[in-house]
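The values are calculated or read from the model by the stated rules, or taken from the named source; none is laboratory data. This is a predicted model, so every value here is computed, not measured. Neighbour counts run over all protein chains shown; Cβ positions are idealised from the backbone, glycine included. Heavy atoms of the whole protein, side chains included, go into the accessibility calculation; ligands, DNA and RNA do not. Shrake-Rupley method; radii C 1.70, N 1.55, O 1.52, S 1.80 Å.
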Amino acid sequence: MQIDLIKGHGSGNDFLLIDEITNAYSFSEGERAALATLLCDRNSDLGADGILFIMKSDHADGRMRVFNADGSEASMCGNGLRLVARYVCEMQGLNEAIIETMKADLKVSKQQDIYPKVTTYQVEISPVSFLLSDLPLNIDEPNLLNEKIPELSQELTFSALAVPNPHLISIVDLEQMKSVIQKQISEKVNNPNELFPDGVNVSFVKSLAAGSIYVNTFERGVGFTNACGTAMSASSLVTCLQGLNSVEEVINVYNNGGRVQCVVHENDENYSIDLIGNATYLYQAQVDVDLERETFSVNSKEEFPEQSTYEKLQADAQGYLQKAGL
């Protein structure tokens, strides 16, 4: 089969976008998973963290389905949603839209550039749940906020929430951030285990200054990633709950791929988060795919000129983190 796609990234979290709105593709569920494992292979001519399938919705401006590089489907992806927001808004001539995701219909909008000439979109991250059954996390408590999980660590405290992807978050010091603890914990909870039967995204968070944090994430189905949008959003909320930051105020969230902004909103103890950051296109390509043979070839590839500008944002972010010892 012949497929047209765009490769783009949000905070270095890169994806292949496949448009099912204007193209007559008809993928089976098995084909979606197979395409993700084949095309996202980092040893191939493409490579990515996942595929974003952009689809028609019967009640929203578009629909997003996210398949990770291992073929699993994610219920939500904040960095990916910014790319889908850009694609749908530009295709339909909109400045704001509603995108249907697995768990909710989410508001998205074009925003003032977060950095000069870096195309920027804001996306809604919700619903938020602190019920451990929604992750799930199998401990004898209804929720977990800044508490220890002895099976994982005797020194760290954790918070668990679904946004709606499941997240386990620990606020750490510089020494802990640089240690192997995160890798050990992440691998334990994403291999067969009794605590997290479906696995979980694991983030370590370091407070940098008032209104600024650094987030490093091991993403379920991906591994350590440059950035995870829902993880940065969930981490921002956790820092607000612990008094490190404030709701309704902009939080600059630094990551290995750059920087985004988050704003936490509270309404009668219900939370939502705005995630604001780049939606950068890298190239568009046409590929021939043979799923039976598990092979593909790239027929054409045309680069976009946007990455060089984004790299200036990234360099500024890395410079800030280096001064902070990260």
| task | At q = 0.14 Å⁻¹, what is the base-10 log of I(q)/I(0) for region 19-135 according to the Debye formula with one equal point scatterer per Cα and no solvent? Please give it to two decimals. | result | -0.64
| request: In whole Hz, with x marking every Gly and Pro, tabulate ³J(HN,Hα) for region 291-303 from phi via Karplus 6.51 cos²θ - 1.76 cosθ + 1.60, θ = phi - 60°. | output: 6, 5, 8, 6, 9, 7, 9, 9, 7, 8, 8, 10, 6
| DSSP beta bridge pairing in region 161-295, given as percent antiparallel to the nearest 5 | 75
| said: With viscosity set to 0.890 mPa s at 25 °C, what whole-number translational diffusion coefficient in µm²/s follows for region 69-199 from Stokes-Einstein and a Kirkwood radius over Cα pairs? | reply: 144
| request: Note the direction-averaged projected area, equal to a quarter of the hull surface, for the Cα convex hull of the chain, in nm². | output: 16.4
| query | Taking only C-alpha pairs under 8 Å that are 6+ residues apart, what is the relative contact order of region 155-202 in percent? | reply | 34
| task | Counting other Cβ atoms within 10 Å, keep those with at most 16, restrict to DSSP loop, and tell me which trypsin sites (Lys or Arg not before Pro) in region 1-73 are left. | result | ARG42, LYS56
| message | With a 10 Å cut-off between alpha carbons and a GNM built on the chain, which of ALA34, ALA97, ALA315 moves the most? | response | ALA315
| remark: For the chain, averaging the sequence separation of alpha carbon pairs under 8 Å that lie six or more residues apart and dividing by its residue count, the contact order in percent is 19
| Ratio Rg/Rh [Cα only; Rh per Kirkwood] for region 1-69 | 0.96
| query | Over region 124-209, what number does the Rg to Rh ratio reach, with both radii from the alpha-carbon atoms and Rh per Kirkwood? | reply | 0.95
| request: Please state the charge dipole magnitude for the chain, taken about the Cα centre, from unit charges on C-beta atoms (+1 on K and R, -1 on D and E), reported in debye and rounded to the nearest 20. | output: 820
| request: Would you mind pulling out the separation of the Cα centroids of region 248-269 and region 111-129, in Å? | output: 10
| For the cross-link pairs LYS206/LYS323; LYS117/LYS206; LYS148/LYS183, which exceed 20 Å when the distance is taken from alpha carbon to alpha carbon? | LYS117/LYS206
| task | Amide H neighbours of ILE149 under 5 Å, at least 5 residues apart or on other chains, H built in the peptide plane: list them. | result | PHE158
| message | Contact order normalised by length for region 32-169, with contacts defined as Cα pairs under 8 Å and 6 or more residues apart; what percent is it? | response | 16
| Using a probe of 1.4 angstrom, how much of the accessible area of the chain is carbon and sulfur, in percent? | 43
| Extension reserve of the LYS56-ARG32 stretch, reckoned as 0.36 nm per residue once the Cα distance is removed | 7.0 nm
| What accessible area, in Å² to the nearest ten, does a 1.4 Å probe give for CYS262? | 0
| remark: Under the helix-only model (-39500 (n - 2.57) for each DSSP H run of 4 or more, divided by the residues of the chain), the mean residue ellipticity at 222 nm, to 500 deg cm²/dmol, is -6500 deg cm²/dmol
| note | In debye to the nearest 20, the charge dipole size for region 1-82, taken about the Cα centre with +1 at each Lys and Arg Cβ and -1 at each Asp and Glu Cβ, equals 160
| request: Largest first and to the nearest Å, give the Cα extent of region 186-326 along each principal axis. | output: 53, 44, 34
| Among ASN68, ASN143, ASN216, whose mean-square fluctuation peaks in a Gaussian network model of the chain (Cα, cutoff 10 Å)? | ASN143
| request: Give the cross-link partners of LYS56 among the lysines, using a straight C-alpha distance below 17 Å as the criterion and excluding same-chain residues fewer than 8 apart. | output: LYS103, LYS107
| field | Longest exposed-site-free window of the chain, the sites being GluC sites (Glu not before Pro) in a DSSP loop that have at most 15 other C-beta atoms within 10 Å | value | 1-150
| field | Per residue solvent-accessible surface (Å²) - the chain, probe of 1.4 Å | value | 43
